[in-house]
Ligand code: PRP
């Protein structure tokens with residue numbers, strides 16, 4: 001049995017057509033279902049539904065053999081124990097620094113101000129600001145980061161931007177790009193060796209589907 005870890009939301013919508021092209025069709029409607037283990041049309045392949053942040057962890061420990069995870073989540077996780085054989089080029093967005101409209105970020109940086117930055121991407125944010133030599137106090141949040149500059153919790157946020165609608169709706173502007181993000185196929189390193197005969201055809205089908 002091969003388990004593929006997926007998360008609901010942004011990545012799932014684009015992953016399902018890709019999996020379907022590779023011959024893996026979920027046996028039920030994932031939007032409606034509350035089930036966490038889902039059979040598929042491909043014999044010996046099942047889907048397990050986890051939080052986006054947990055996909056790399058399930059694959060690292062071999063509880064899932066394969067997974068589809070955003071490169072943002074992989075960077076936070078560190079990627080240990082997993083191969084990343086394929087950039088699926090779906091769920092593309094950008095990890096960006098954003099501030100309240102009217103906040104002069106460039107000047108604050110020039111003046112060497114110590115900035116408070118709210119984010120769920122602590123690792124990426126820490127590396128980015130350290131590389132720029134900007135002093136920051138990072139505040140860990142789990143969602144709705146856009147609220148932080150509006151309520152005085154932080155001067156800036158580090159968050160994903162896709163259409164830019166969420167920033168615009170909340171009077172924020174993006175001021176710096178940290179990374180281009182896309183979904184990656186990841187594979188448990190031990191499973192790749194031990195279950196190669198089952199995993200390789202699936203990988204090949206996904207490579208073809210992602211072209
Ligand atoms: C992301 C991000 C923003 C939004 C940006 O959230 O945190 O809130 O998408 O998209 P936009 O630029 O198209 O408006 P996501 O949907 O990944 O869910 P999350 O809040 O759980 O991170």
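Where a number appears in this text, it was derived from the coordinates with a stated rule and is not lab data. Small disclaimer: the values here were computed from a predicted structure and weren't measured. With ideal geometry, Cβ positions are generated from the backbone for all residues, glycine too; neighbour counts draw on all protein chains shown.
Considering region 20-77 at the alpha-carbon level, its Rg and Dmax are found to be 12.1, 33 Å. Modelled label positions at residue 32 and residue 80, each set 7 Å beyond Cα in the direction of Cβ, lie 4.3 nm from each other.
In percent, rounded to a whole number, the relative contact order of the chain is 29, using alpha-carbon pairs under 8 Å and six or more apart. The calculated FRET efficiency for the pair residue 150 and residue 89, based on their C-beta separation and a Förster distance of 35 Å, comes to about 0.55. Applying 0.36 nm per residue to the separation of residue 21 and residue 51 and subtracting their alpha-carbon distance, the gain on full extension is 8.4 nm. When only alpha carbons are used to place a centre, region 127-173 and region 3-38 end up 30 Å from one another. In terms of its C-alpha gyration tensor, region 93-180 comes out rounded, because the ratio a/c of the largest to the smallest axis stays below 1.5.
Scaling the Cα radius of gyration of region 161-209 by the globular reference 2.2 N^0.38 Å produces a ratio of 1.94.
Over the chain, DSSP H runs of length four or greater, each weighted -39,500 (n - 2.57), average out per residue to a 222 nm ellipticity of -9500 deg cm²/dmol.
Neighbour counts of C-beta atoms inside 10 Å place 87, 72, 155 in the sequence 87, 155, 72, starting with the fewest.
Max-minus-min Cα coordinates of the chain on each principal axis give 60, 33, 29 Å, with the largest extent listed first.
Within region 135-164, name every residue whose backbone N is under 18 Å away from a label modeled 7 Å from Cα of residue 107 along the Cβ vector. Hits in region 135-164 for residue 107 at 18 Å: 155-156. When 199, 4 are arranged by Cβ crowding within 10 Å, least crowded first, meaning fewest neighbours, the order is 199, 4. Taking the 0 to 90 degree range and rounding to the nearest ten, how far is the long axis of helix 196-210 tilted relative to the main principal axis of the chain, both from C-alpha atoms? Rounded to the nearest ten degrees, it is 60.
Relative to its residue count, region 1-106 spans a Cα convex hull of 128 Å³ per residue. Relative contact order for region 1-83: 39 percent, from Cα pairs under 8 Å spaced at least 6 residues apart, divided by residue count.
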